[in-house]
Protein chains: 2
Amino acid sequence: MIRVVILGFGNVGQHLHKVFHDTKEVHVLQVYSRNTTKASLNNTETTFTSKITDIDKTADVYIIAIPDDAIKTFTAQLQLKNKLVVHTSGGVAMDAISNKQRRGVFYPLQTFSKETEVDFKIIPICIEAEEGNDLKLLRKLGKSISNKVVDISSNERAQIHLAAVFVNNFVNELYHISEDILKEKGLDFELLKPLISETAKKIKTLSPSKSQTGPAKRGDTATIEKHKSMIKHKLQEEVYKSLTKSIEERK
Amino acid sequence: MIRVVILGFGNVGQHLHKVFHDTKEVHVLQVYSRNTTKASLNNTETTFTSKITDIDKTADVYIIAIPDDAIKTFTAQLQLKNKLVVHTSGGVAMDAISNKQRRGVFYPLQTFSKETEVDFKIIPICIEAEEGNDLKLLRKLGKSISNKVVDISSNERAQIHLAAVFVNNFVNELYHISEDILKEKGLDFELLKPLISETAKKIKTLSPSKSQTGPAKRGDTATIEKHKSMIKHKLQEEVYKSLTKSIEERK
């Protein structure tokens, strides 16, 4: 049985609490959140605290799920000593955690929102730890919820996080721009949803290189010029140009 | 029974042939392709020709599925008169079709590849025609394979096609860039696939505006600067900058 305390109860904290609660090998002793209104735990095995001084000192691992820029200050305030403290962030190095603790990382490579259920079994868990035994424990913890647990250094994780920004935040911004483009003519964004699904689905079995089609790929300058003339907003134009150039240069 | 001739047998032509062949209300009389090696029809109700002079003259509708830039020249060569001739392209206006015919458009808003099965039921079919009766026939034809048939003018379709480039070609290019970024450190693109799926899935129920997260959204300039310093290639940097700016400006 791995005893866990979850520190922070936003999207990641809540999803982790839920999946660990449903996992036989894990006992979530406690959830900490400075925001008491979030304390809707719905179970008796886990206590809740909003006081940093009341954090349970008997856990095997403390999992921090708070905003990136708060990790450093928060871990410096923890009244724990030489405990395994891990954060869950893609963008933050392991050494942001106070060196009074045994440091580690438990990064589920996924986007979480309150509205959506997630299947942890398919989410890669990227783990890192200073000590060998801690890495073993994190691997065991990861395997209790996911089929894919990988050892990833802070350097590698920074690279993964950069790549993740492209396929998550930037892809979503492209969805947003296309919604704007349709709205301008009173057209419904719903029309594009099957195309959005299929584009993402294709990549499961076909490489991005093999999947590519469209005007930039086939060097159709007439269509590219027509598109540029249709775009009304400078920022949209910059996005159009930079991605068109990126596709063209691959040839 | 709607009698159809399909002109062109690439990805779109083949998928249309397959779905119409499986549809009781439609009879595919003939498939034309200048490339005879493509003639693997596997059914007896449809003949094949590679000669433009042998195209069957008794169909209710002729569906052109050839490259965009060939539509104009090709339809001028057709030895048909006053027939309903439609193309299947998002990026081409209806009047690219020779005016010797009754012109129309039958545009399935989806990306097609040989490797992937598609479910036409959920694909929006955008139709347009010069004459009311032809529009009715295209609507009937569309409804025989899809639950979503919409009247879309050439102007609107151009706008949809522009938006489609953003969510299909450009999204795929972002997948490609992120694959490049991972490869640089010997990391496996497979790691990102659950995130890619979830990003596309989220948009089904949540608006792009509500789905957005990440450094640009939360104004995390430290991470943005770190990312910029990690990017080695000028084109990737331009893509990073233009999309970051586009997210930032929404605030």
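General observations
- Count of segment A:151-200 residues which are within 7 Å of chain B (Cβ to nearest Cβ), outside any helix (DSSP H, G or I) and surrounded by 18 or more Cβ atoms within 10 Å (Cβ to Cβ): 1
- Test for residue B:146: is it more than 7 Å from chain A (Cβ to nearest Cβ) and either in a helix (DSSP H, G or I) or open to solvent by less than 10 Å² (accessible area, probe 1.4 Å) (or both): yes
- The residue pairs whose first member lies in segment B:213-241 and is closer than 19 Å to residue A:96 by Cβ, whose second member is open to solvent by 40 Å² or more (accessible area, probe 1.4 Å) and hydroxyl-bearing (Ser, Thr, Tyr), and whose beta carbons are closer than 9 Å, counting only pairs six or more residues apart or on different chains, are B:215/B:221.
- Within the option set A:153, A:242, being within 18 Å of residue B:167 (Cα to Cα) and either among the charged types (D, E, K, R) or at pLDDT 95 or above (or both) holds for one residue only, A:242.
- Positions within segment B:89-117 being hydroxyl-bearing (Ser, Thr, Tyr) and within 14 Å of chain A (Cβ to nearest Cβ), in sequence order: B:89, B:107, B:111, B:113, B:116
Residues checked against (1) among the polar types (S, T, N, Q); (2) exposed (fewer than 12 other Cβ atoms within 10 Å of the Cβ); (3) over 21 Å from residue A:139 (Cβ atoms):
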site: A:10; (1), (2), (3): no, no, yes
site: A:14; (1), (2), (3): yes, no, yes
site: A:19; (1), (2), (3): no, no, no
site: A:27; (1), (2), (3): no, no, no
site: A:43; (1), (2), (3): yes, yes, yes
site: A:46; (1), (2), (3): yes, no, yes
site: A:52; (1), (2), (3): no, no, yes
site: A:58; (1), (2), (3): yes, yes, yes
site: A:66; (1), (2), (3): no, no, yes
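- Any hit, segment A:30-37, residues being of a type outside the set (Phe, Trp, Tyr), within 27 Å of residue A:169 (Cα to Cα) and buried (at least 19 other Cβ atoms within 10 Å of the Cβ): yes
Yes/no per residue for (1) touching a Phe, Trp or Tyr at 6+ places or on another chain (Cβ under 8 Å); (2) within 30 Å of residue A:201 (Cα to Cα); (3) at pLDDT 95 or above:
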| residue | (1), (2), (3) |
| --- | --- |
| B:50 | yes, no, no |
| B:71 | no, yes, yes |
| B:76 | no, no, yes |
| B:79 | no, no, yes |
| B:86 | yes, yes, yes |
| B:91 | no, yes, no |
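- Selection count, segment A:201-227, where residues are more than 7 Å from chain B (Cβ to nearest Cβ), assigned to a helix (DSSP H, G or I) and open to solvent by less than 60 Å² (accessible area, probe 1.4 Å): 1
The values are calculated or read from the model by the stated rules, or taken from the named source; none is laboratory data. Because the structure is a prediction, the values reported are computed rather than measured. Methodologically, a virtual Cβ is constructed for each residue, glycine included, from the backbone with ideal geometry; neighbour enumeration extends over all protein chains shown. Note: areas computed on protein heavy atoms with side chains; ligands, DNA, RNA excluded. Shrake-Rupley method; radii C 1.70, N 1.55, O 1.52, S 1.80 Å.
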